[in-house]
Amino acid sequence: MSLRIAMWSGPRNISTAMLRAWENRPDTAVVDEPFYGYYLATTGVDHPGRAEVIASQPRDWREVVAALTGPVPGGKAVHYQKHMTHHMLPEIDRDWLAGVRNCFLVRTPAEVVASYAETRNAPQLEDLGFVQQGELFDRVADLLGRAPPVLDASDVLRDPAGMLAALCAALGLGFDARMLSWPPGPRATDGVWSKYWYASVERSTGFCPLHAGRKPVPQALEPLVEAATPIYERLAAHRLRPVPAGETA
């Protein structure tokens, strides 16, 4: 039976680098933000390449769910699904979550807001995905009777091998060192929006080192950080700890 992994992240995280890591496993097929087209078509939000994104994906969320829970592309053993939490609009039925292994990728709100402000003007709280991530986390925790796996982006950048090994262990998979590096360039599996957002990932060959300090948050956006921080802290309290060096092979 195939393992379907739904990784729930907000924007301006390391979600695309994580997608690269999983795609570099020979046993894994990946899908990039499958609800994005539906989200744009339904909300009317204006993102770069909006019409192209909508045309590239189903406009019915039921079709998306059917693909996510159906046969895995290429008959692979693992189906890794990169999701943005804010794409999960309220009308999308959540029952399908019981058929996948849900994991959560978090990043401190100050880092998210500072990064988002560089690319988009005047973000709102719902644009950042924290509220939706908290809702999805609670739903999955209720299903499981325990907290699902949580990764903090800073932990991953600090110790990619240890954190990816911890995630694989939580999912009952063996760690594959090929997850730590990948060839540069675009992928056929990247969404059509990659030309607007993925330049740095396309130049990468692995997870970038964790940088000391962070970009400043514009003063006008500080209320977003204050609103999102309790949600982040609640999820981060359950974050995985790295597998010690020497135990990741």
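The values are calculated or read from the model by the stated rules, or taken from the named source; none is laboratory data. What you see is a predicted model, and the numbers here were worked out from it, not measured in a lab. With ideal geometry, Cβ positions are generated from the backbone for all residues, glycine too; neighbour counts draw on all protein chains shown.
Taking the residues in the stretch 176-200 that are at pLDDT 95 or above and hydrophobic (A, V, I, L, M, F, W, C) as candidates, determine which candidate is nearest to Trp22 (Cα to Cα).
Out of the qualifying residues, it is Met179.
Among the candidates Ala17, Ala29, Ala41, which residue alone is over 22 Å from Gly134 (Cβ atoms) and touching a His at 6+ places or on another chain (Cβ under 7 Å)? So that I can check it myself, show each step before the final result.
Numbers: Ala17 fails: touching a His at 6+ places or on another chain (Cβ under 7 Å); Ala41 fails: touching a His at 6+ places or on another chain (Cβ under 7 Å).
Going through Ala17, Ala29, Ala41 in turn, just one is over 22 Å from Gly134 (Cβ atoms) and touching a His at 6+ places or on another chain (Cβ under 7 Å): Ala29.
Please give the helices (runs of 4 or more DSSP H) falling wholly within the stretch 173-249 in which 3 or more residues are more than 21 Å from the chain's Cα centre (by Cα) and either of a type outside the set (Lys, Arg) or closer than 14 Å to Ala110 by Cβ (or both).
Working: elements: 194-197, 199-203, 222-236.
Passing ranges, in order: 222-236.
(1) over 28 Å from Asp152 (Cβ atoms); (2) buried (at least 21 other Cβ atoms within 10 Å of the Cβ); (3) touching a strand residue (DSSP E or B) at 6+ places or on another chain (Cβ under 8 Å); (4) not hydrophobic (A, V, I, L, M, F, W, C): which one isn't true of Tyr38, the others all being true?
Unmet condition: (3).
Take Ala98 and tell me if it is in contact with a strand residue (DSSP E or B) (Cβ under 7 Å, 6 or more places away or on another chain) and of a type in the set (A, V, I, L, M, F, W, C).
Here the answer is no, as Ala98 does not meet what is asked.
Please go through (1) surrounded by 18 or more Cβ atoms within 10 Å (Cβ to Cβ); (2) farther than 12 Å from Gly10 by Cα; (3) in contact (Cβ under 8 Å) with a residue 60 or more places away in the chain for Pro109 and return the number of the only condition it doesn't satisfy.
(2)
If we scan the stretch 57-64, do we find a residue that is under 18 Å from the mean Cα position of the chain (by Cα) and more than 21 Å from Arg20 (Cα to Cα)?
Within the stretch 57-64, one or more residues are under 18 Å from the mean Cα position of the chain (by Cα) and more than 21 Å from Arg20 (Cα to Cα).
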